[in-house]
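Please read the structure below before turning to the comments.
The values are calculated or read from the model by the stated rules, or taken from the named source; none is laboratory data. In this text, all values refer to a predicted model and were calculated from it rather than measured experimentally. Cβ: placed from backbone, ideal geometry, glycine included. Neighbour counts: every protein chain shown.
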Amino acid sequence: MTVFQLNGVTTSATVDSKLPFVHFLRNPCEAKDVRYGCGAGNCGACTVMVDGVAQQSCGISIASIEGCDVRTPAALQEDPVGAVVLQAFVDEQAAQCGYCINGMLMSLTALLKRTLRPSKEQIVDTLNRHLCRCGAHVRILRATEVAIKRLQAKGGI
């Protein structure tokens, strides 16, 4: 049995330890905010934060998250940095179809928790792991800049 924190709630898994974490999150946990995309670690739609680090949940086994703190997009509203990032994306209408956005929000929140002054290269590298076919890239970058400015104005969180 694997025990971990899922959005602040102690959760246990008694399934095949090799099962990709994304399947456990979406099915027994009903975390539909974690999107299933490619299943091969190429699109970023299933990104969650594990102990503050953005990771694609399709590439994580359940056994590897023993004792970890896992956050899904549903937890963004309660996270001081995540809430600012989320609001910036809403204000800038950065999502079009919305499928990839949850993973992007998780990756950007993890980045901004590490640094309030990311370089353009860090932002691009963070977003480069996510496929978006809608063409909302300009709005996504604008929302990221808005979130950074808001966080800096607050002196970090």
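Conditions tested, residue by residue: (1) modelled with pLDDT under 95; (2) not in a loop (DSSP other than H, G, I, E, B); (3) not hydrophobic (A, V, I, L, M, F, W, C).
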{"site": "CYS29", "(1), (2), (3)": "yes, no, no"}
{"site": "CYS38", "(1), (2), (3)": "yes, no, no"}
{"site": "GLN55", "(1), (2), (3)": "no, yes, yes"}
{"site": "GLN77", "(1), (2), (3)": "no, yes, yes"}
{"site": "VAL81", "(1), (2), (3)": "no, yes, no"}
{"site": "ALA88", "(1), (2), (3)": "no, yes, no"}
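Being surrounded by fewer than 19 Cβ atoms within 10 Å (Cβ to Cβ), over 23 Å from TYR36 (Cβ atoms) and either touching a strand residue (DSSP E or B) at 6+ places or on another chain (Cβ under 9 Å) or of a type outside the set (A, V, I, L, M, F, W, C) (or both): is that true of GLN152 here? Judged against the criteria, GLN152 is a match.
When the range 112-136 is filtered for residues that are part of a helix (DSSP H, G or I) and under 17 Å from the mean Cα position of the chain (by Cα), the ones remaining, listed by number, are LEU112, LYS113, ARG114, GLN122, ILE123, VAL124, ASP125, THR126, LEU127, ASN128. Checked against the criterion of being within 22 Å of ILE140 (Cα to Cα), of a type outside the set (Lys, Arg) and without any contact (Cβ under 8 Å) to a residue 12 or more places away in the chain, the range 29-47 has no qualifying residue. Filtering the range 8-27 to residues that are at pLDDT 95 or above and charged (D, E, K, R) leaves nothing. Among the numbered conditions (1) at pLDDT 90 or above; (2) closer than 20 Å to VAL48 by Cβ, the only one that ARG142 does not meet is (2).
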